[in-house]
Amino acid sequence: MKPSFLSFGSWNLFTFLLALLFALPFLSLLLTAASGAENIWGHLLQTVMPGYLKNTLWLMLGVGSGTLLLGVSAGWLISMSEFPGRKILEWALLLPLAFPGYIIAMVYVELLEYSGPLQTQLRQWFGWLNYQDYWFPQITSLGGAVLMLSLVLYPYVYLLTRTAFLQQSATLLEASRMLGKSAGYSFLQIALPLARPAIVVGVSLAMMETLADFGTMQLFAVQTFTTGIYHTWFGSYNAPGAAQLSLSLLMFISVFIMLERYSRKKQRFHAQSSVQTAHPRYRLAGIKAFFALIFCLFPVIFGFALPAALLIQWAIESWRGVMLERFFSDAGNSLLLAAITAFLGVSLGLLMAFGSRLSKHRRVHWAVRLVSLGYALPGPVVALGVLLPFAWFDRTINNWAEATFGFSSGYLLSGTIFILVFAYLVRFLALAYGSAESGLGRITTAMEDASRSLGKNSWQTLKRIHLPLLSSSMLTAGLLVFVDVMKELPATLMLQPFNFSTLATRAYGYATEELLKEASLWCLTIVLVGLFPVILLNRQLRKSAPQNYQDI
Amino acid sequence: MFNNKKIFTLIVGGLLWLPQFALAAQVNILSERQEFLLRPFLDVFEEQTGIKVNVAYLKKGSLERLKQQPGSVDALLTVDISNLTAIADAGLFQPINSTVINQNVPANYRDPNDLWTALTARARVIYYSRARVKTSELSTYEALGKSGSKQRVCTRSGYHKYNVALISSMIAEHGSATAKSWLQGLKNNRGRKPSGNDRGQVKAIFQGQCDVALGNTYYMGKMLEREDQRPWAAAVGIYFPNQADRGTHMNISGGAVTKAAKNAAEAVKLLEFLSGNLAQYMYAQVNHEYPVKAGIGYSGIVQGFGGGQDGVKKGVFKQDQRNLAEIGRHRKQAIKILDEVNFDN
């Protein structure tokens with residue numbers, strides 16, 4: 001007889017309840033959606049929705065292939081080959097991660113538009129008088145948006161696939177090479193399929209982040225599904241309609257994720273060898289080394305160095321006219337939120353991934369997967385989703401306190417940074433969970449079984465077996481959450497407590513007044529603060545990877 | 001181990017620590033106006049009254065915050081009419097009931113039910129290329145949408161609040177069907193897909209992508225202040241449309257007191273201060289906005305607006321007197337016709 005759900009053990013119940021807590025926003029979205037009085041669908045489908053869907057699809061395809069190409073190629077080159085500059089590029093390739101899409105987009109618009117420095121200079125050199133005299137690519141376009149988002153989102157793919165490549169057993173690849181297969185064949189037939197879960201997680205994260213984006217799309221005048229959600233909510237003040245649209249977005253993503261999972265259902269890869277042999281790197285020489293260098297330099301320069309240099313220049317030009325007195329508290333608030341959320345996110349992500357792995361109950365698997373969907377929700381939708389339950393909770397406590405003690409307790413959870421952290425977790429738990437899950441996927445069930453048969457319980461097994469083996473995956477998760485919280489804007493704006501601002505909200509404050517230069521000091525700081533965990537992470541990754549690199 | 005009494009003491013002690021319980025007079029506001037623009041006003045107010053102002057700066061989602069957290073917010077400051085009318089419709093404001101504000105702010109700039117008041121006004125004008133367009137070729141908003149118009153028009157996204165308000169005023173004036181065909185005409189005459197912000201429209205004219213654009217006086221004032229942006233702004237003039245009929249469409253920044261306000265008296269005081277001489281003078285001189293209080297002069301830059309236009313002297317022009325509450329009523333319809341003509345695409 002199958003043991004009942006509740007009696008199955010505390011892990012099941014714990015994981016399930018944890019997942020349910022973070023699925024609360026979906027419940028409030030459902031309730032909001034159901035409260036809608038008018039039907040918006042007919043009107044939207046007849047008018048703007050087809051265009052939104054077309055743009056969204058192209059955007060997803062574009063960013064998906066862009067991040068795949070940049071991330072996997074760079075990950076492969078860095079982990080499998082040796083060429084001049086590789087050691088620097090290994091961490092430099094992570095840098096664009098620190099750039100929020102909306103900021104890099106603003107910088108490039110400023111640089112590349114007609115009145116920007118580049119075109120002005122070109123006109124001077126060539127004597128062109130106006131825009132009809134020459135052709136210049138339009139940055140504010142769908143193509144421009146794809147390029148921008150690919151440049152800042154490929155590090156997800158790079159980070160996760162490189163970790164996967166590094167943790168693959170070298171013996172498998174050696175065997176392939178010894179059997180006379182080419183490097184290309186070994187890559188396509190062995191390394192790539194083994195890294196597939198990691199690649200898929202990376203690319204889906206990039207695509208989900210793209211779906212949720214509004215700022216970049218608004219700047220580039222690209223209307224996507226999320227544009228529809230914003231217009232319905234903030235244009236027509238139809239929150240139920242926006243909730244309905246958000247839910248259908250979630251359904252679309254669920255189908256997408258299910259299809260992918262189904263397609264690799266039969267494949268479960270574990271590193272078979274218990275001996276983690278160091279990877280031999282193929283030393284590239286001559287033209288090959290040159291191309292590898294150029295390829296890896298491209299995203300670093302355009303996704304980081306150039307925009308950062310421009311921000312530095314603008315920050316120097318403008319720092320006298322900005323609210324410097326608020327600078328340190330903004331930075332402190334951002335750091336605090338990012339650190340708390342990263343710590344909680346990693347812990348919760350690991351617990352959920354572990355609990356879900358232990359569980360044989362589909363209910364648990366579904367609940368955990370539901371939580372990962374938060375990543376694709378636009379910030380304000382997440383904000384609304386968390387505001388409803390916590391404000392309700394606060395009102396209830398408040399009424400009780402007033403009735404019992406005669407004083408008001410105020411908004412304990414929904415009026416403090418608690419709600420911000422919770423919203424970030426809803427939004428970014430997918431990052432932590434995804435990393436933990438793909439890390440766990442590389443630990444054989446045989447190892448768990450061995451530990452359990454030696455009399456260790458699941459907590460001890462988690463501590464003694466998984467945690468040491470997972471440290472690099474968890475660091476990755478922590479970094480991703482940290483950086484994403486630093487960058488998060490729309491939910492922070494909507495849920496900010498009184499007298500509380502972050503680097504991102506201050507930068508937005510200037511940018512919304514169309515003062516990009518004044519915003520640049522704060523933008524720059526978001527990027528620079530994001531660098532610390534990137535560097536820290538890279539050190540740890542190196543330590544945890546096999547040290548004795550051999551060259552052949 | 002903790003016993004129940006200790007836990008209780010801890011909880012109550014913790015609750016009492018919360019800043020909400022500070023005894024000094026204070027007021028909690030949501031502001032759409034950004035901190036670096038609003039803080040100078042609040043500093044003066046705090047100094048004068050001893051009332052501390054706590055602020056959260058957001059443009060989206062204030063309706064939801066007011067609905068879900070009654071009592072947390074006392075007043076709302078906006079830079080556009082839409083949130084004022086939408087939240088008034090949702091029944092989340094209370095009448096302001098201030099003789100000071102009634103004296104300072106003309107009736108067409110206040111809600112008929114006294115639920116909100118304007119604090120400044122901004123005109124939605126036509127930016128035109130000084131090189132390619134003569135003011136005699138310009139007349140009305142309506143003319144920009146006429147077929148055969150030789151001026152290419154640029155706008156920012158039609159869904160931006162300033163444009164939604166303008167479209168709503170067209171609906172109020174002509175009805176939805178006429179407004180829709182005007183919007184379609186505007187789309188047909190465009191020089192490029194709607195994109196960028198208000199400063200972006202000025203740049204688009206400078207670049208030659210379009211000859212005229214819809215924009216806000218406020219940003220032009222800000223551009224003329226800055227050396228790096230002056231070349232673009234100098235290439236572009238401001239034309240006040242519809243001077244021969246209803247006047248130029250005005251949008252407002254404004255304020256309101258929430259229904260569940262715990263510090264309603266302080267909130268009203270803040271609005272009174274912002275509608276008073278000093279604040280109105282600051283709005284006009286520092287931000288180049290139109291003061292709503294009579295007798296406050298325009299800034300030098302604002303006095304230069306409409307310089308080449310007949311009938312406009314020292315920046316004084318005919319304003320559309322229609323009450324903005326009426327414009328708020330047509331907002332949904334405005335979004336609908338924007339969708340129908342697929343304006344942004």
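Just so it is clear, none of the values below were taken in a lab; they were calculated from the coordinates. The structure displayed is predicted, hence computed values, not measured ones. All Cβ positions, even for glycine, are placed from backbone atoms using ideal geometry, and neighbour counts span all protein chains on display.
List of remarks:
- Taking the average, over residues, of other Cβ atoms within 10 Å as the packing measure, peptides A:395-402, B:228-235 rank B:228-235, A:395-402 from highest down.
- Radius of gyration, Dmax [region B:31-124; alpha carbons; angstrom]: 13.7, 37
- Using equal-weight Cα scatterers in the Debye expression, the normalised intensity of region B:134-248 in log10 at q = 0.15, 0.17, 0.18, 0.23 Å⁻¹ is -0.64, -0.83, -0.94, -1.50.
- Using a Förster distance of 41 Å, the FRET efficiency for residue B:329-residue A:192 (Cβ separation, nearest 0.05): 0.10
- Using every pair of separate Cα atoms, the Kirkwood estimate puts the hydrodynamic radius of region A:430-477 at 10.9 angstrom.
- Helix-only [θ]222 nm of chain A, DSSP H runs n ≥ 4, -39500 (n - 2.57) each, per residue, nearest 500: -23000 deg cm²/dmol
- Cα centroid of region A:200-256 to Cα centroid of region A:470-537, whole Å: 21 Å
- For a 4.7 Å threshold on C-beta separation, the list of partnerless cysteines in the protein assembly as shown reads A:296, A:523.
- Every Cα-Cα pair of region A:279-330 was included, and the share exceeding 12 Å stands at 76 percent.
- Residue separation of residue A:248 and residue A:528 scaled by 0.36 nm, minus their Cα-Cα distance, works out to 97.1 nm of gained length.
- Long-range HN-HN contacts of residue A:282 with modeled amide H, under 5 Å: A:81, A:82
- Per-residue HN-Hα couplings for region B:146-158 [Karplus 6.51, -1.76, 1.60; θ = phi - 60°; Hz; x = Gly/Pro]: 6, 6, x, 5, 8, 8, 7, 9, 10, 9, 7, 3, x
- For region B:175-315, alpha-carbon Rg and Dmax in angstrom: 18.3, 53
- Protection proxy ranking, highest mean first, for peptides A:145-156, A:91-102: A:145-156, A:91-102, where packing is the per-residue count of other beta-carbon atoms within 10 Å, averaged.
- Placing R0 at 22 angstrom, the Cβ-Cβ distance between residue A:131 and residue B:136 gives a FRET efficiency of 0.25 after rounding to 0.05.
- Taking the C-alpha atoms of region B:104-160, convex hull volume expressed per residue in Å³: 160 Å³
- Neighbour-limited loop hits for trypsin sites (Lys or Arg not before Pro), region A:300-368 (at most 12 other Cβ within 10 Å; DSSP other than H, G, I, E, B): A:360
- Prolate is the label for region A:385-444, because the ratio a/c of its alpha-carbon gyration tensor axes (a ≥ b ≥ c) is 1.5 or higher and a/b is greater than b/c.
- Three principal axis extents of region A:416-502 based on alpha-carbon atoms, in descending order, are 55, 20, 15 Å.
- Phi angles across region B:27-43 convert, under the Karplus curve 6.51 cos²θ - 1.76 cosθ + 1.60 with θ = phi - 60°, into 3J(HN,Hα) values of 9, 9, 10, 9, 10, 7, 6, 5, 4, 5, 8, 8, 4, x, 5, 5, 4 Hz, Gly and Pro given as x.
- Legend: mean number of C-beta atoms from other chains within 10 angstrom of residue C-beta atoms, peptide B:49-59, equals 4.
- Restraint check, B:222/B:262; B:193/B:336; B:187/B:314; B:222/B:313; B:60/B:318; B:193/B:318, Cα-Cα greater than 28 Å: B:222/B:262; B:187/B:314; B:60/B:318; B:193/B:318
- Screening chain A for whole DSSP H helices of 27 Å or more along their axis (Cα) with average Kyte-Doolittle hydropathy at least -1.0 returns A:10-34, A:49-80, A:142-167, A:192-212, A:239-263, A:327-358, A:379-404, A:417-440, A:467-487, A:516-544.
- Value of relative contact order over region A:444-530, rounded to a whole percent, pairs C-alpha under 8 Å and six or more apart: 20 percent
- With contacts taken as Cα pairs under 8 Å at a separation of at least 6 residues, chain B carries a relative contact order of 26 percent.
- Degrees between helix B:161-174 axis and first principal axis of chain B (Cα, 0 to 90, nearest 10): 60 degrees
- Given charges at Cβ of Lys, Arg, Asp, Glu: chain A dipole, positive-most of A:129, A:432, A:521: A:432
- Report summary: the helix-based calculation at 222 nm, which adds -39500 (n - 2.57) for every DSSP H run with n ≥ 4 and divides by the residues of chain B, gives -12500 deg cm²/dmol.
- Cut-off under 5 Å, modelled amide H: who pairs with residue B:253 long-range: B:119, B:120, B:121, B:122
- The angle between the Cα long axis of helix B:198-207 and the longest principal axis of the Cα atoms of chain B comes to about 20 degrees, rounded to the nearest 10.
- Highest average packing first - B:247-253, B:291-297, B:60-66, Cβ atoms within 10 Å: B:247-253, B:60-66, B:291-297
- Chain A, relative contact order [Cα under 8 Å, separation at least 6], %: 24 percent
- Under 5 Å, built H, 5+ apart or other chain: amide partners of residue B:236: B:130
- Three principal axis lengths of region A:360-414 [C-alpha, angstrom, descending]: 48, 30, 11
- Counting only other chain Cβ atoms within 10 Å of each residue's Cβ, the peptide A:232-242 averages 5.
- For A:135-145, mean number of other protein chain Cβ atoms within 10 Å: 1
- Cα-based Rg and Dmax for region A:204-268, where Dmax is the largest Cα-Cα distance (Å): 14.7, 48
- For region A:145-213, alpha-carbon Rg over 2.2 N^0.38 Å: 1.33
- J(HN,Hα) series, region B:180-191, from Karplus relation 6.51 cos²θ - 1.76 cosθ + 1.60, nearest Hz, glycine and proline x: 5, 5, 4, 5, 5, x, 4, 5, 5, 8, 6, x
- Normalised per residue, the volume of the convex hull around the Cα set of region A:344-486 (Å³): 139 Å³
- Cα-Cα pairs of region A:294-376 separated by more than 14 Å (percent): 79 percent
- Gyration tensor (alpha-carbon) shape descriptor, region A:393-552, a/c threshold 1.5: oblate
- Radius, Kirkwood style, for region A:1-99 when every pair of distinct Cα atoms is counted (Å): 19.5 Å
- Where the Cα pairs of chain A fall when distances are cut into 20 Å bins, in %: 20, 53, 25, 2, 0
- Pairs of C-alpha atoms in region A:301-347 farther apart than 15 Å represent 65 percent of all such pairs.
- Where labels lie 7 Å past Cα in the beta-carbon direction, separation of residue B:278 and residue B:103 in nm: 1.7 nm
- Note that chain B carries a Kirkwood radius of 21.4 Å, evaluated over its alpha carbons pair by pair.
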